Amino acid sequence: MKTLGSLLLCLLLSATTLAQQAPTQAGKPPKPQLLLTLNNRTVAFNRHNVFASKFDTLMVWQGKLADATPRSSQTSVVIGDVVVSLVRDTRRVDYVTLTNGRGSIASLAAQAQTGDRYVIQLDKITLKNTNDLKEVYNLQPVYLIAIR
């Protein structure tokens, strides 16, 4: 009888612990997958070396949710301003801000030299569902792309 009581107490404590952990995991926003397109060419950041050309003048950032949950089908990824800096050696030559993650980088491409880099920072990523409820994703990713 004593063993049965101990077993029931353990099961009750385990169930309580699981019930307390479930809401925090369910409330966690899904991680978006960010995609970059330069002149209609998708840039794969999973490769070791990522390069851009001096002739790439149009940059588009898109986001999608990587998981296939019912929530992800009703949620869109909204990318805010993207700051693209042209860096030569250790100094910033110039920069442009792309509204909504898309725009022209022609002014930077005109100044670019082989060996320069684009340093790209996405300032705000928001997850928006069908009810217009928004969750700001607390990540400000920075990407580095060498120029050939």
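Out of curiosity, is Ser85 modelled with pLDDT of 95 or more, over 14 Å from Leu34 (Cβ atoms) and surrounded by fewer than 15 Cβ atoms within 10 Å (Cβ to Cβ)? It would help to see each step written out before you state the result.
Details: modelled with pLDDT of 95 or more: yes; over 14 Å from Leu34 (Cβ atoms): yes; surrounded by fewer than 15 Cβ atoms within 10 Å (Cβ to Cβ): no.
The answer is no for Ser85.
Return the total of residues in region 129-141 being surrounded by 10 or more Cβ atoms within 10 Å (Cβ to Cβ) and within 10 Å of the chain's Cα centre (by Cα). Let's see the steps before the verdict.
Residues of region 129-141 that are surrounded by 10 or more Cβ atoms within 10 Å (Cβ to Cβ), as a first pass: 129, 134-137, 139-141.
In the following step, the residues that additionally are within 10 Å of the chain's Cα centre (by Cα) were identified as 137, 139-141.
The qualifying residues number 4.
Would you check which residues across region 85-100 are out of contact with any helix residue (DSSP H, G or I) (no Cβ under 9 Å at 6 or more places or on another chain) and either assigned to a helix (DSSP H, G or I) or small (Gly, Ala, Ser) (or both) and list them?
Those that are out of contact with any helix residue (DSSP H, G or I) (no Cβ under 9 Å at 6 or more places or on another chain) and either assigned to a helix (DSSP H, G or I) or small (Gly, Ala, Ser) (or both): Thr99, Asn100.
Can you say whether Gln74 is surrounded by 14 or more Cβ atoms within 10 Å (Cβ to Cβ), under 16 Å from Lys31 (Cα atoms) and touching a residue at least 24 places away in the same chain (Cβ under 8 Å), as far as the supplied structure shows?
no
Could you please give the count of residues in region 114-141 that are farther than 30 Å from Gln74 by Cα, touching a residue at least 40 places away in the same chain (Cβ under 8 Å) and not in a strand (DSSP E or B)? So that I can check it myself, show each step before the final result.
Kept after step one, since they are farther than 30 Å from Gln74 by Cα, are these residues of region 114-141: 114-119.
Subsequent filtering for residues that are touching a residue at least 40 places away in the same chain (Cβ under 8 Å) retains 114, 118.
Right, trim to not in a strand (DSSP E or B) and you get 114.
Residues meeting the conditions: 1.
The values are calculated or read from the model by the stated rules, or taken from the named source; none is laboratory data. All values reported here derive from a predicted model rather than from experimental measurement. Using ideal geometry, Cβ is built from the backbone for each residue, glycine included, and neighbour counts are taken over all protein chains shown.
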